[in-house]
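In what follows, a structure is listed as structure tokens, so that the remarks can point back to it.
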Amino acid sequence: MLREALAKYIILPLLFIGCFCNAQISQKSEIGGGLGVFNYTGDIVSTYDLTTAKPAITFFYRSNLSRVVSFRTSLTGGQLAASDKDNPQDAFAKKRAASFDLFLLELSGAFEYHFLDWRDDKRKLRFTPYLFAGVALFGISGTPNKTAAYSNVQLAIPFGGGMKYVLNPKYYISFEIGIRKTFFDYLDNISGGNPSLKNYQYGNPNDNDNYFFTGISLTYTFYNIPCASNPYR
């Protein structure tokens with residue numbers, strides 16, 4: 001009788017409290033989505049320029065490896081476009097009058113590093129800056145360059161940073177900006193070309209194109225509850 005009373009009124013409540021505490025720190029999995037914009041740099045636009053931004057959307061799954069390191073898998077898609085007519089860089093670009101408009105879909109995996117231990121329940125910290133880097137595959141659909149042969153699926157290196165802010169124990173928001181460094185020079189359908197043709201449809205063959213994603217996302221956190229097992233079994 002004494003053993004049953006101890007189990008009912010002391011041991012079981014302690015196990016429940018232990019499970020609850022473990023749940024607070026076992027935030028292993030997260031899902032989320034966000035809205036943002038794509039823009040690019042290449043032969044038409046040489047520097048980061050939000051005036052060329054086009055809408056994009058992202059969905060992701062995140063696994064928290066520790067309090068400061070996470071791994072994220074993302075699917076991001078949107079429009080990518082630019083035109084010499086909108087804001088020509090020089091007289092040559094104005095004469096060239098090149099443009100492109102395509103849909104880009106990216107699948108990526110990246111590690112995130114958070115500078116602050118924002119998951120510590122004992123602290124009142126509700127935000128953290130973070131950096132990320134990884135690898136990605138992207139595919140494009142649009143009008144191909146008829147003078148070049150290439151695959152519409154290419155490799156990119158995504159990296160960047162952002163800021164996360166806790167709304168409550170299950171939800172937080174983040175703002176992020178990241179570049180995708182590519183090994184590809186035909187996002188804008190312009191590369192080397194032949195200047196002797198006098199058609200102006202050429203650019204710098206030694207400068208690959210890159211694209212950016214800038215956006216805001218909302219994340220939902222799942223809590224794992226690893227309850228203690230019975231040691232007497």
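Observations on the structure shown:
- Qualifying residue in the range 71-86 (condition: exposed (fewer than 14 other Cβ atoms within 10 Å of the Cβ), modelled with pLDDT under 85 and not basic (Lys, Arg)): yes
- The number of residues in the range 43-56 being loosely packed, with under 15 Cβ neighbours inside 10 Å and part of a strand (DSSP E or B) comes to 1.
- Scope the range 131-142; condition modelled with pLDDT of 95 or more and of a type outside the set (A, V, I, L, M, F, W, C); matching residues: GLY134, GLY139
- Within the range 46-96, being within 16 Å of ASP209 (Cα to Cα) and without any contact (Cβ under 8 Å) to a residue 40 or more places away in the chain holds for THR47, ASP49, THR52, ALA81, SER83.
- Subset of the range 155-178 that is at pLDDT 95 or above and buried (at least 18 other Cβ atoms within 10 Å of the Cβ) - its residue that is farthest from ARG62 (Cα to Cα): ALA156
- Which listed residue is at pLDDT below 90 and surrounded by 14 or more Cβ atoms within 10 Å (Cβ to Cβ), from ASN230, ASN194, ASN189: ASN189
- Qualifying residue in the range 120-135 (condition: of a type in the set (Asp, Glu), in contact with an Asp or Glu (Cβ under 8 Å, 6 or more places away or on another chain) and in contact (Cβ under 8 Å) with a residue 60 or more places away in the chain): no
- Qualifying residue in the range 41-50 (condition: closer than 22 Å to LYS170 by Cα, at pLDDT 90 or above and not acidic (Asp, Glu)): no
- Test: residue in the range 110-130 that is hydrophobic (A, V, I, L, M, F, W, C), over 30 Å from ASP188 (Cβ atoms), modelled with pLDDT under 95 and in a strand (DSSP E or B): yes
The values are calculated or read from the model by the stated rules, or taken from the named source; none is laboratory data. Please read all numbers here as calculations on a predicted model, not as lab measurements. Every residue, glycine as well, gets a Cβ built from its backbone with ideal geometry; the counts of neighbours run over all protein chains shown.
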